[in-house]
Amino acid sequence: MRIISGKFRGLGLASVGKGDAAAHLRPTSDRVRESLFNLLAASHGDPAPGARVLDLFAGTGALGLEAMSRGAVHATFVDEGAKARALLRENIEKTRTQGITKLYRRDATRMGPNRGAPFDLVFLDPPYGKGLGERSIASCVEGDWLAPDALIIWEENTPQEVPTGFTLEDRRKYGDTHMTLMRRVG
């Protein structure tokens, strides 16, 4: 796993091998990340420059760190797993982004109130097929984590229904990975 583009281009990230099923780590492949960011740049304008990024079920943090490499000004990573947080700390250190990132040990389906500025770019990659994405989005809305026009990129193993208060921007399939891109209506 490596950063695809931007100021950290080519930087290798901490590896989990093929994933860690016990820790629910299933890193988004380099190829899928590259395709996703190419899609974002081509159809939505590159949302990373100047963005505040929220990476839910962050795992290794590859999605949020890719956005940081492409010009995001801040990233907050949320993951409950000890192994994921250890990998995230290692990757934050590798990218030297300690001063512009936060790492929370928190259940992404129970975010609580946001005490800072809202986020305009959100990566949501919950364990597949457990309904955690819907609950996470609802929790983020309730806690004021999302900017009025936040772009959410939701990764699952099936196409996801867009919740009330959001509009569908795009849907893509990469192998067995489905990406649902939606924007908050604010």
Fill in: Total residues in the range 92-115, condition exposed (fewer than 11 other Cβ atoms within 10 Å of the Cβ) and in contact (Cβ under 8 Å) with a residue 24 or more places away in the chain
1
Worksheet item: Restricting attention to the range 156-179, which residues are polar (S, T, N, Q) and not in a strand (DSSP E or B)?
Response: 157, 158, 160, 164
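How many residues are under 25 Å from residue 7 (Cα atoms) and either free of Cβ contacts under 8 Å to residues at least 24 places away in the same chain or not in a strand (DSSP E or B) (or both) when one looks only at the range 116-130?
Residues meeting the conditions: 3.
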Fill in: Residue tally, condition at pLDDT 95 or above and either surrounded by fewer than 18 Cβ atoms within 10 Å (Cβ to Cβ) or over 13 Å from the mean Cα position of the chain (by Cα) (or both), over the range 116-131
2
Worksheet item: Applying the selection to the range 88-105, what residues are more than 15 Å from residue 66 (Cβ to Cβ) and assigned to a helix (DSSP H, G or I)?
Response: 89, 90, 93, 98, 99
Worksheet item: Do we have any residue at all in the range 103-116 that's basic (Lys, Arg) and under 19 Å from residue 61 (Cα atoms)?
Response: yes
Fill in: Residue satisfying all of: in the range 72-87; touching a helix residue (DSSP H, G or I) at 6+ places or on another chain (Cβ under 7 Å) and part of a helix (DSSP H, G or I); nearest to residue 139 (Cα to Cα) among these
84
Discussion item. Being in contact with a Phe, Trp or Tyr (Cβ under 7 Å, 6 or more places away or on another chain), of a type outside the set (D, E, K, R) and in a strand (DSSP E or B) is the requirement here; does residue 182 meet it?
Written reply: yes
Discussion item. Looking for something hydrophobic (A, V, I, L, M, F, W, C), within 14 Å of the chain's Cα centre (by Cα) and in a loop (DSSP other than H, G, I, E, B) - is there at least one such residue anywhere in the range 142-152?
Written reply: yes
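The values are calculated or read from the model by the stated rules, or taken from the named source; none is laboratory data. On a predicted model such as this, the values are computed, not experimentally measured, just so you know. Glycine also receives a Cβ, built like all others from the backbone with ideal geometry; neighbour counts cover every protein chain displayed.
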